[in-house]
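Written below as structure tokens is the structure these notes are about.
The values are calculated or read from the model by the stated rules, or taken from the named source; none is laboratory data. Please read all numbers here as calculations on a predicted model, not as lab measurements. Cβ placement follows ideal geometry from the backbone for every residue including glycine, while neighbour counts extend to all protein chains displayed. Each accessible area value is taken on the protein alone, full model and side chains, heavy atoms only, with ligands, DNA and RNA left out. Shrake-Rupley method; radii C 1.70, N 1.55, O 1.52, S 1.80 Å.
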Amino acid sequence: MSTLHLYDSLTGELRPFEPIHAPHVGMYVCGPTVYSDVHLGNTRTFLSFDLLFRYLTHLGYKVRYVRNITDAGHLESDADSGEDKIAKKARLEQLEPMEIVQRYTVGFRAVMQAYNALPPSIEPTATGHIVEQIELIKKLLADGFAYEANGSVYFSIETYLKTYPYGELSGRSIEDLEAGTRDLDGQQDKRHPLDFALWKKASTEHIMRWPSPWSEGFPGWHLECSAMSTKYLGAEFDIHGGGMDLKFPHHECEIAQNKGATGHGGARFWLHANMLTLNGKRMAKSTGNTLDPRDLLAGNSPHLTKAYSPGAVRFFIHQAHYRSVLDFSDSALQAAEKGYYRLLSSLDVLRQRPKGGPAHGSWSVPEWNGRCSEAMNQDLNSPVLIAQLFDAAKAVAADQNDPAVLGSDGAATLLQLMETWMFDVLGLAPEPHSASGKYQKALDAAMSVVLDLRRKARESKDWSTSDALRDALAQGGIVVKDGAEGSSYRVE
Ligand code: AMP
Ligand code: ZN
């Protein structure tokens, strides 16, 4: 039986996962910047880490999962310039910044709940940890890794390079990094173009500000994650995650701050989820190339032909490995939905299976379960896990003709294990309320009877009956469409 291996972005290796303080696991994931609604790309990253949280819990670990809320310090530009994203939105909408933070934090939690993501153990905010961030800056200044200039404090890459390498996570040399950085235009306080802000003195217009020994100002974006991960998980912890685009500069700077302050880079494993694309381009708030995860559930987007259940969307997401790019398309979602409902139907078949056949069948459930674990142990290979679930569905179908395939005990164990993998680990919801295989089938059967009655009424020119049927269905949210091929229906 294999053990869990995770791919560490820092070393580029697939390594066995051994927690520092087993059975406890410390996991930190960079949360959203709450100046706008999360899009489906953000959702994909958070669901990837929900999968990891669920799998670690399934393996019996006691996970302290910290996912922060970035509610200050994230400027429009990665080069420490531009407005704070939250302050800008507050200015545009003439609201208090904390009203913006509250609105989008509540929205983010609602999306996470709708997609059946488990809440993290701790959800700390940047504004709630200004004291810890100031203490961290003091330590970096005392150890010589930072310098003050005109009320702002910067991390010194040149000093840091005397002791530690920089650029390992993004796999870039200092020369490459320097070449990619604009000169110090407008940032004369910095000694080196790669230096980054730990504390910035607030200009008169900057509304989010706190007192500090250096100036009334605000912390740099990278600092909050170093301060909060260290506070809640220690200087050395197990896993740090985020989307691929956070590798540089965010996580690279976090590692430098951690090493400067504690001598440890923070996490033993750095995990990065790959991007969701729409029309081949990265989904990003900045370009507006986005899909709202709530619109998928309502079928409310020009990119969609219909509404999807949260389970179908999660199934689509986990059918790709978290480190692969995933392109969104309505047809891929439709295929995912079909596959997902096939698995739900298999569960129904198992639940209703008559007792019969031998106790154990010819198809080995324990061996199959071992293959499921094997898949997840290989860096959370959810597409292979899903392929295994389809294999199980085939065995369930074969067992319907021949109860010696699963056997009665085998079928009972398979039902329980399929539910575990699908609901506990993959986070799919049983969906009693929406169009799961069973309910969809029942609705289709009832609607075919009703549409047949209506067809007969129309053939005999009984328009009042035909219209009454259509209107009654519309009252219940069922819209009938008449076409050349006959009538079809959809649920609004
Ligand atoms: P943000 O709120 O912009 O800081 O992003 C929250 C999380 O979503 C971060 O971990 C990002 O790396 C991640 N993210 C942003 N865009 C995408 C995308 N298109 N696909 C997957 N993850 C993304
Ligand atoms: Zn972070």
Open item on the list: Give me the one-decimal nm value for the distance between modelled label points at Ser324 and Ser2, 7 Å along each residue's Cα-to-Cβ direction.
Closed with: 1.6
Open item on the list: If you average the alpha carbon positions of the stretch 229-258 and of the stretch 10-36, how far apart do those two centres end up, in angstrom?
Closed with: 9
- [ ] Sort the chain into rounded, prolate or oblate with this rule: let a ≥ b ≥ c be the square roots of the eigenvalues of the Cα gyration tensor; rounded if a/c is under 1.5, and if a/c is not under 1.5, prolate when a/b is larger than b/c, oblate otherwise.
- [x] oblate
Task: Point-to-point label distance, Arg342-Arg109, nm (Cα→Cβ direction, 7 Å offset) - done: 3.9
Task: Percent carbon-and-sulfur accessible area, the stretch 17-273, ignoring ligands, DNA and RNA, probe 1.4 Å - done: 49
Task: Extended-chain gain in nm, criterion 0.36 nm per residue less alpha-carbon gap, Glu93 and Ser286 - done: 67.7 nm
Open item on the list: Output the 0 to 90 degree angle, nearest 10, between the alpha-carbon long axis of helix 382-401 and the longest principal axis computed from the alpha carbons of the chain.
Closed with: 10
- [ ] Take the solvent-accessible surface of the protein heavy atoms, probe 1.4 Å, and return the percent of it on the stretch 277-432 that carbon and sulfur atoms account for.
- [x] 52
- [ ] Please give the per residue accessible area of the stretch 1-112, computed with a probe of 1.4 Å over protein heavy atoms only, in Å².
- [x] 39
TODO: Using 0.36 nm per residue of separation minus the Cα-Cα distance, give me the extension gain between Leu161 and Gln188 in nm, one decimal.
DONE: 7.6 nm
Open item on the list: How tilted is helix 437-459 with respect to the longest principal axis of the chain? Cα atoms for both, answer in degrees (0 to 90, nearest 10).
Closed with: 50
Open item on the list: Expected output is a single nm value to one decimal: the length gained when fully extending between Asp452 and Ala474, i.e. 0.36 nm times separation in residues minus the C-alpha distance. What is it?
Closed with: 6.3 nm
TODO: For the pairs Lys89/Lys139; Lys456/Lys481; Lys88/Lys200; Lys88/Lys259; Lys338/Lys461, note any where the Cα-Cα span goes beyond 26 Å.
DONE: Lys89/Lys139; Lys88/Lys259; Lys338/Lys461
- [ ] Counting only heavy atoms of the protein chains, get the accessible area per residue of the stretch 277-432 (1.4 Å probe) and round it to a whole Å² value.
- [x] 42
Task: Backbone HN-Hα couplings from phi across the stretch 4-16 [Karplus 6.51/-1.76/1.60, Hz, Gly and Pro as x] - done: 5, 10, 10, 8, 8, 5, 6, 9, x, 10, 8, 10, x
Open item on the list: Given a Förster distance of 25 Å, report the FRET efficiency between Ser170 and Asp143 from their Cβ-Cβ distance, rounded to the nearest 0.05.
Closed with: 0.55
Task: Prolate/oblate/rounded label for the stretch 49-163 (Cα gyration tensor, a/c 1.5) - done: oblate
Open item on the list: Nearest 10 degrees is fine. How inclined is helix 365-377 to the longest principal axis of the chain, computing both from alpha carbons?
Closed with: 30
